[in-house]
Every structure is written in C-alpha cells, then in structure tokens.
Amino acid sequence: MEQNMLQRVIDERNITNDATITAYTHAEDRLRKLHSHADYWKRSELGMRKLFEKCEYSDSTKMQMLNLLIMVRRLELRPVASLEGMRNKLRKEIEAETKKNLPLLDLPDYDSYFGELCPSDPQRYIVNSLIQIFGLRNLDMMMEFVKFKRGDQLPNFNRNYMIIQSRDVLLEIRDYKTRIAYGVKKLRITKKEHPQLVRCINDYYNAGHKFLLSKKNGEEIKKTSLHSHIRILTNGHGSGTLFKTVVDYHRKNAHLNKLAELSKSRGTSLDTIVSSYNVE
C-alpha cells in the first residue's frame, strides 16, 4: 500500500474520537477482504459495484464501507459518481425496509419525540437526553450527584456519579452491564454542545436533589423499580426502544461517527449496535 489511506482520511477530517477511528478501521478491513487487495480504492467503479452486489454483508455494513471508500477515492481524485448512486439506492432501500417495520416495532419519530422534551420536567428531560446523546441503559442512569473540584475522590467506587463542574457535567459510570469488558465509562456533557441540558442538571441539583432517579420524597428508587420508573419517564417506550429510535435515525442518515460514539458511550460493540439495535 503506497500510503495509509485511512490515516489520510483521519487527518483530512481531523478525526480524534477513538471509537470513530475503530469503526473506520473495521470498514477498511472489510474493504481489503472484499477486494483481495490492499489498494482497494484503485479498482474501477464498475468492478467495485459488482463486488458489493455479490458480497453478503448487511446493508448497514455496506453503507459504512461505501462511505469510507468514497472518501478515500475523493482524496485520490478518482471517480465516485457511480458509487454515490449505489449508496443513494442502498439508503432508499434501508429507509423503505425501515418504514415497513416501524409499525411492528412501534418506534416513535425521532424529531417529534426528542424535540418535545422540556426542561420544566427535569428528571424526564435529563433521562431522555442521556438516552439520546449517549444511549445509556437503565442501570447506567442510577446516578448520585456530586460537586467537587478536580482531584477530589469519589465517595464510592462502585456506583455511578454525575459530577457537577464549573462549566460542564462529567458522568462516571462504574455500575453497568458490560463493565468487565469496557471498564469505567467517563462521559462529558459540555456547556458548549448542550447548554440547556447542563443548565437543567445544575438547576435540578441546586434544588436539593441528591439522585437522578428519585421518588417525590428525594429517596433514590430501588433497582427493582428501575424498569417501570424509566418506562414512565420515557412515555411508556423504555430506554431500549428509544435507543433503537436513536440508532435508526443515525443509520438512515449515514452518521457513522455518531454510531461509533454511541458504541463507546453505551459500552457495546459497533457490530452489536448495527445488528441488534437495527430495525432492518
């Protein structure tokens, strides 16, 4: 291979997210296997189309591979019109299949559901936002609020915390389903990207709330009540259904970067997200 083309894509697009880089690495590995050659981008568009039509990858995986292939060929100033046409056709097929299955899955509309969230109901707003942004599971959101400066120690290593900082909010998730495989998850909600959410969290904490998921008397809910509590906060959908809605939205719009970020923040491999949470 004359030059690491994936690295060129990463450099050109200033990609720094580890999960995104891993996702592109998997896509490139599949392209090399499909074309039986390291310089996979040098084939003719017709030859590439024929290989894609014969391969047995899922439509979502093909979409990821096409996205990377088109970016690489553009760097090399090679034709991409035919491949873009193939990608557009594939996207329409995915959307048609999605529409066919939506009534069966009863997924809410992404824009309508998340667009109607209101900070005036803070617990509901925060929980749904965490599902939308990070794909968090029920157990992930059993969090205690703490406010301290950098260098302070968390009081309990085995629970989850929402740490109120001067500008941002840091999530440290230690008690969750796939911790053994992924370790402690550290996620940041920045004031720059999510000002309304950061303000809502601060207001909720300053109002005297110690826990994110709490009863009216301020006590944290028990794990035995977690499933039903989250269903109430998500209008009966549950976090799993909403996560499928989020994945479906980003998949249909070919947001590979966002799917990779969700893989990292949820603590689930990208392949699992694509296969298990895909409504295809």
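All of the numbers you see were taken from the coordinates with simple rules; none came from a lab. Note that the structure is a prediction, hence the values are computed from the model and not measured. Backbone-built Cβ (ideal geometry, glycine too); neighbour counts: all protein chains shown.
Debye-formula intensities of the stretch 110-236, expressed as log10 I(q)/I(0) at q = 0.21 Å⁻¹, are -1.44 (one equal scatterer per alpha-carbon, no solvent).
For the stretch 211-226, putting each phi into the Karplus relation 6.51 cos²θ - 1.76 cosθ + 1.60 with θ = phi - 60° gives couplings of 10, 5, 9, 10, 7, 4, 7, x, 6, 5, 5, 8, 4, 5, 9, 4 Hz, in residue order, rounded to whole numbers and with x for Gly and Pro. Averaging 1/r over each pair of different alpha-carbon atoms in the chain and inverting the result gives 20.7 Å, the Kirkwood hydrodynamic radius. Of all the options Lys216, Lys258, Lys185, the one that moves most in a Gaussian network model of the chain with Cα springs shorter than 10 angstrom is Lys216.
Descending by average beta-carbon neighbour count within 10 Å, the peptides 72-82, 57-67 line up as 57-67, 72-82, the highest first. Between the C-alpha center of the stretch 210-280 and that of the stretch 15-82 there is a gap of 30 Å.
Comparing Gly238, Gly85, Gly135 in a Gaussian network model of the chain, where Cα atoms under 10 Å apart are tied by springs, the biggest mean-square fluctuation is seen for Gly85. Look at the alpha carbon pairs under 8 Å that are at least 6 residues apart: their mean separation over the length of the chain gives a relative contact order of 21 percent. As a calculated quantity, the FRET efficiency between Asn253 and Asp152 at R0 = 41 Å, using C-beta atoms, amounts to about 0.55.
Note on Arg124 and Thr190: the model spin-label points, each 7 Å out from Cα along the C-beta direction, lie 3.0 nm apart.
Phi-derived couplings, Karplus 6.51 cos²θ - 1.76 cosθ + 1.60 at θ = phi - 60°, listed residue by residue for the stretch 186-203: 10, 10, 10, 9, 8, 5, 5, 8, 9, x, 5, 5, 4, 5, 5, 5, 5, 5 Hz, with x used for Gly and Pro.
Under the convention that each Lys and Arg Cβ holds +1 and each Asp and Glu Cβ holds -1, the size of the dipole of the stretch 5-105 around its Cα centre is about 340 debye.
Taking amide H atoms as placed 1.01 Å from N in the peptide plane, the amide H of Lys147 lies under 5 Å from those of Ile164, each 5 or more residues away in sequence or on another chain.
Across the stretch 131-146, coupling constants 3J(HN,Hα) worked out from phi with the 6.51/-1.76/1.60 Karplus curve, θ = phi - 60°, read 5, 5, 7, 10, x, 5, 7, 4, 4, 4, 8, 7, 10, 9, 7, 9 Hz, and Gly and Pro carry x. When shorter helices are ignored and each DSSP H run of at least 4 residues is given -39500 (n - 2.57), the per-residue value for the chain at 222 nm works out to -17000 deg cm²/dmol. Build a GNM of the chain with springs between Cα atoms under 10 Å: which of Arg13, Arg159, Arg199 gets the top mean-square fluctuation? Maximum fluctuation in the GNM of the chain, among the listed residues, is at Arg13.
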